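Structure, as structure tokens:
The values are calculated or read from the model by the stated rules, or taken from the named source; none is laboratory data. The structure presented is a predicted model; accordingly, all values stated were derived computationally and were not measured. Positions of Cβ are generated from backbone atoms using ideal geometry, with glycine treated the same way; all protein chains shown enter the neighbour counts. Surface accessibility is based on the protein's heavy atoms, side chains included, excluding ligands, DNA and RNA. Shrake-Rupley method; radii C 1.70, N 1.55, O 1.52, S 1.80 Å.
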Amino acid sequence: MAKPYVSVVIPVYNEQDNLEALFTRLTAVLDRTGKPFEIVFTNDGSRDRSGAMLREFHERRPDQVRVIDFNGNFGQHMAIMAAFERVRGEVVVTLDADLQNPPEEIPKLLAAVEAGHDVVGGYRKNRRDTFFRKYASKIINGIRAKITNIRMRDQGCMLRASGRNIVEHITASGETSTFIPALAYSYAAKPAEVEVEHAARAAGESKYRLYDLIRLNFDLMTGFSIAPLQFFSALGLLLGVISEGLRMTALPAARAIGRIHIGTMTGKLNGVIAATTPSGWRSVTASTPVATFGVLRPAMWTGRPQAYSTVSMPRVTPTRASAKVLP
Ligand code: UDP
Ligand code: MG
């Protein structure tokens, strides 16, 4: 079998009613390109017939379809990560399984890669999601644009293509809580964006509940910027100073006259201690007579962050350990 040129990566979680149409449309598009390809599905712990259907796709086209079977649900981005670790193509395309990203747009992405771009992101012309999702995304997009140096129009669009070297950087980062489009962008030398169509979900429901969306966007905010860390450190300092100021002014005054006056803030810190632990964490602790507060952060953040990778606390990633791969 020829080494694939394109690898299409698709995370699948309970998508039984979309898979047949997806497979038909996708293989038609890829066959038409005339280039060798592979499709790598990750079954992210589906409880419906998705797993069996993917196995059947593999049996239909054993040279082109590969399936990674998670033994639980680990989330869309981990499913993509596991596939990234196994792709063999020169160009890697990501796609959702629910047909919101039309497979017919793939050749557009491939053309941009062939024109020399290493990361090509789609942006959705007419986004077909709920009003709430569209509005919330707009806000998050805006905050992300302000606090990170990631410049992309539509971070949430999963119809994207990357060169093989980018995918290798992503897997080497070992990230477990991340946002793949942003991570890919942070490694890109020559990114590009192309306009793509977007459709309403063909069948089934969105797998993201409000809580999942908050978690995902939290990963985006804390993984690619130290602004949240700086904000909360500054807030901690400010609160410390205010509390010290109140202790020194308002409390004695209240005791004296039985009423609290908010006086001028004259508090001063007893000391600020910065230390780097042998394990590479840096702590900054400030103490006042009434409170001690501090921040702990990886020492690597004190230099220019390497590709802005999140430094997550070490955590076992069951996905890799538990993934079964066909063939
Ligand atoms: N997905 C996944 N694991 C999850 C949630 C989603 O593999 O825990 C897949 C899902 O099957 C789909 C893609 O990720 O292929 C995007 O999910 P969804 O369409 O629910 O997200 P939305 O379009 O609402 O952002
Ligand atoms: Mg969707």
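Before moving on, here are some points about what is shown:
- Per-residue surface analysis assigns Tyr13 an accessible area of about 50 Å², computed on protein heavy atoms at 1.4 Å probe radius.
- Net charge over other residues, Cβ less than 9 angstrom from the Cβ of Asp154 (K, R count +1; D, E count -1): +2
- Local net charge near Glu15, Cβ-Cβ under 11 Å (Lys/Arg +1, Asp/Glu -1): -4
- Largest first, the residues Asp31, Asp96, Asp44 sort by 1.4 Å accessible area into Asp31, Asp96, Asp44.
- Cα gyration tensor shape for segment 53-201, rounded if a/c is under 1.5, else prolate or oblate: rounded
- A rounded overall shape is assigned to segment 51-108, the ratio a/c of its alpha-carbon gyration tensor axes (a ≥ b ≥ c) being less than 1.5.
- Carbon and sulfur %, accessible surface of segment 150-255 computed with the full protein complex present, 1.4 Å: 62
- Ligands, DNA and RNA excluded, the heavy atoms of Glu105 present near 20 Å² of accessible surface to a 1.4 Å solvent probe.
- Sequence of Arg32, Arg144 when ordered by accessible area, the most exposed leading, probe 1.4 angstrom: Arg32, Arg144
- A simple count of charges around Val87, restricted to other residues whose Cβ falls under 14 Å of its Cβ and scoring Lys, Arg +1 and Asp, Glu -1, yields +2.
- Over 30 Å (Cα to Cα) - which of Lys146/Lys207; Lys35/Lys207; Lys35/Lys146; Lys35/Lys190; Lys3/Lys125 fall in this group: Lys35/Lys207; Lys35/Lys146; Lys3/Lys125
- Nearest-10 value in Å² for the accessible area of Phe57, using the 1.4 Å probe: 0
- Note on Glu104 and Ala192: the extension gain reaches 29.8 nm, defined as 0.36 nm multiplied by sequence separation minus the Cα-Cα distance.
- Carbon/sulfur fraction of accessible area - segment 1-112, other protein chains in place, 1.4 Å, %: 49
- With the simple model of a label 7 Å out from the Cα in the direction of the Cβ, Ala172 to Ile242 spans 4.6 nm.
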